[in-house]
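Each reported figure results from applying straightforward, stated rules to the coordinates on display, with no laboratory input. This is a predicted model, so every value here is computed, not measured. Please note: Cβ atoms are built from the backbone with ideal geometry, for glycine as well, and neighbour counts cover all protein chains shown.
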Amino acid sequence: MSGVSQLALLFIGAALINNILLTRFIGLCPFFGVSGNMETSIGMSLSVIFVMVMASTATWVVWEFILDPLGVGEFLYIPAFILIIASLVQFVEMYLRKASPVLYRAMGIYLPLITTNCAVLATATEAAKPGFFKMNIALGASLSLGEALVYTLGVSVGFGFALITFAALRERLELVPAPRLMKGTPIAFITAGLLSLSYLGMSGWFGL
Amino acid sequence: MLILKAVGALSVIGVITSTILATAAKRFYVEVDPRVEAVAAALPGSNCGACGNPSCFMSAEKMVSGELEPNACVAGGQSVTDAVAAILGADTCDAIAMISARHCGGGDRAVRAYEYAGVRSCAAANRLAGGPLACSAGCLGYGDCVRACPFDAIHLDERGLPVVDPAKCTGCGICVKECPRGQITLLEMVPESAPVVVRCNAHDKVKARKANCSACCIACRKCERECPADAIHVIDMLAVVDYTKCTGCGTCVEVCPQDCIDLYGRAAAVDTMAADGRGGGAITNVTGKRIEAGA
Ligand code: SF4
Ligand code: SF4
């Protein structure tokens, strides 16, 4: 397979077939926390895409040039990555606040939430550390920086896609005459389960 | 050796990131209006969202920039309003407390389209072809609101209509959410000082409305014409009170041929009426109608 179609496959596989929220169940707290409202879920999705891509880049660089050469990555990768992601988010927040108040308003309140988000850590680890990337694509043991970026972009776009569809569903669910005990979160859980089933239906496409 | 390397690696990362952050904090420092911080400190800080903003800090920003009035914090009440107003140097304004009001006077006067014999619950009845009432906006009278009220402030009266006790109502709005007719504002939150309330929220054609219920607003516009404060208007064939203008004189209550405007509110016009020597004090007004308010 040529390089480009390989990357396209990587993207689709990460976004849809191995959707981080609905088939791998990582990062479920924002999935339920902010999906009650379309506007907030769009803001959250944008922030996640932004932060994930930056975090993966940073962790990839750190792994490649600090942790791996020193041979300490095997046991140090979690604290190191958390440290990097947390300060990165802090930095981005400060920068946005100064440079683009509009963007800061749109994403600002979600950025601190993402700092310790498991989805971000998981994706950054998969992208940077060899052996964590599990998708069935012939890519070699560790991802190159370009592949890592495409993969992270796929994951975060899939995150946003699932979050926004779910928010749309939940906004309609508000108007549904659900039984009283089912109203709100319970019926949202059931809907999420059904949504997840439909995503699982995609597993096996392209052998992924 | 390995330990040294590990410590070294983490220290290097730590030093690099903290240097970057420290420089960034300096370079990207944004001046925040000290008043914003002061106002934010005065607000409850629970980020409840009742004012329509995602966080207390945001509403603080808006209060300072003048987009929001100092009394915008619903949860905080008068003390917070005063504190905010003091910081902003504005004249303090009253916190707007709300109470629940029912926009339907039908009760036993509303025509039934069919006999409903199911569960005695408004939600259940409402789901059966829109409820047994011929009027699609009327109060079903099975008292879901009564059961939902945590403060025991609503009771069904002999006409089968829920009556809000303005003295007990805290303005939590739970009854409004609970009422299955909620989307047509049968129960609505009105300012606690609201002196009158229109007891009808039907939007059908007037003719159909009259056939459905003998207590409805017939859109005759008498109230609109007589109101000295220009506070009541027939909008979409229904009388609607503008509480920012209403002085509580009670003219509309007197002139309404359908008796579908009532005096209302916590302290409301009851005293005015009694002082006038008209009507029977707190129980009835000049039209001989019951006064729910404050009585
Ligand atoms: S106001 Fe609504 S909830 Fe209360 S009795 Fe009437 S229909 Fe039922
Ligand atoms: S006078 Fe009475 S019936 Fe006429 S519009 Fe006003 S409220 Fe309705």
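Treat the count of other C-beta atoms within 10 Å as a stand-in for reagent exposure and order A:Y110, B:Y29 from fewest to most.
B:Y29, A:Y110
Give, as ranges by residue number, the residues of segment B:155-170 whose backbone N falls under 18 Å from the point 7 Å along Cα→Cβ of B:R112.
B:157-162, by backbone N distance to the label point.
Once you average over the residues of B:23-30, how many Cβ atoms of partner chains fall within 10 Å of each Cβ?
4
Run the quick spin-label model on B:L156 and B:A25: label points 7 Å from Cα toward the beta carbon, then report their separation in nm to one decimal.
For B:L156 paired with B:A25, the spin-label model returns 6.3 nm.
Could you calculate the FRET efficiency of B:H203 with A:L194 from 1/(1 + (r/R0)^6), where r is the beta carbon distance between them and R0 is 25 Å, rounded to 0.05? Kindly include the intermediate steps, with their values, before the conclusion.
Details: r = 37 Å, r/R0 = 1.47.
Approximately 0.10, to the nearest 0.05.
Neighbouring Cβ atoms within 10 Å as the yardstick, rank A:M52, B:M1, A:M182, B:M98 fewest first.
Values: A:M52 29, B:M1 6, A:M182 14, B:M98 19.
Least to most surrounded, the residues fall as B:M1, A:M182, B:M98, A:M52.
Comparing A:I20, A:I190, A:I164, which has the greatest mean-square fluctuation in the GNM of chain A with Cα pairs linked when under 10 Å apart?
Most flexible of the set in this elastic network: A:I190.
Relative to the longest principal axis of chain A, what angle (0 to 90°, nearest 10) does the C-alpha long axis of helix A:38-62 take?
The helix A:38-62 is inclined about 10 degrees to chain A.
Convert each backbone phi in segment A:175-192 into a coupling constant with the Karplus relation 6.51 cos²θ - 1.76 cosθ + 1.60 (shift: θ = phi - 60°), then list the ³J(HN,Hα) values in order as whole Hz, x for Gly and Pro.
So the J values, rounded to whole Hz, are 8, 7, x, 6, x, 4, 5, 8, 4, x, 5, x, 5, 5, 4, 5, 4, 4.
Mind listing the long-range amide H neighbours of B:L187? Cut-off is under 5 Å, sequence gap 5 or more, other chains count too, H placed in the peptide plane at 1.01 Å from N.
B:H103
Where does helix A:3-12 land angle-wise versus the long Cα axis of chain A, in degrees 0 to 90, nearest 10?
Roughly 40 degrees, rounded to the nearest 10.
Per residue Cα convex hull volume for chain A, in cubic angstrom?
Dividing the Cα hull volume of chain A by its residue count gives 125 Å³.
At a Förster distance of 30 Å, what's the computed FRET efficiency of A:A99 paired with A:N37, Cβ-Cβ distance as r, to 0.05?
0.65
Compute the length gained on full extension between B:R127 and B:D236: take 0.36 nm times their separation in residues and subtract their Cα-Cα distance, giving the result in nm to one decimal.
Details: separation 109, 0.36 × 109 = 39.24 nm, distance 2.61 nm.
Going from the current span to full extension adds 36.6 nm.
Mind checking Rg over Rh on the protein assembly as shown, alpha carbons, Kirkwood formula for Rh?
On the way: Rg = 30.6 Å, Rh = 27.5 Å.
Using Cα coordinates only, the ratio equals 1.11.
Give a residue-ordered list of calculated ³J(HN,Hα) values for segment B:149-155 (Karplus: 6.51 cos²θ - 1.76 cosθ + 1.60, θ = phi - 60°; whole Hz; x for Gly, Pro).
Karplus-based 3J(HN,Hα) across segment B:149-155 equals 5, x, 10, 6, 9, 10, 9 Hz.
For the peptides A:35-46, B:111-122, what is the packing order when you average, over each peptide's residues, the other Cβ atoms within 10 Å and list the highest mean first?
Ranked by mean Cβ neighbours within 10 Å, highest first: A:35-46, B:111-122.
Non-local amide H neighbours of B:L156 (under 5 Å, H modeled in plane, Pro and chain starts lacking H): which ones?
Sorted by chain and number, the residues that satisfy this are B:V163.
Report, by chain and number, residues whose modeled amide H sits under 5 Å from the one on B:M98, excluding near sequence neighbours (fewer than 5 apart, same chain).
Hits under the 5 Å cutoff: B:E192.
Please list 3J(HN,Hα) in residue order for segment A:72-88, calculated via the Karplus relation 6.51 cos²θ - 1.76 cosθ + 1.60 where θ = phi - 60°; whole Hz, with x for glycine and proline.
Once rounded to whole Hz, the list reads 10, x, 4, 10, 9, 5, 5, x, 5, 5, 4, 4, 5, 5, 4, 6, 4.
Going 7 Å from the Cα of A:K183 toward and past its Cβ, which residues in segment B:179-214 have a backbone nitrogen under 17 Å from where you end up?
B:179-189
Straight distance only, please: which lysines reach the Cα of B:K26 with their own Cα at less than 29 Å, same-chain residues fewer than 8 apart left out?
In chain and number order, the partners are A:K98, B:K62.
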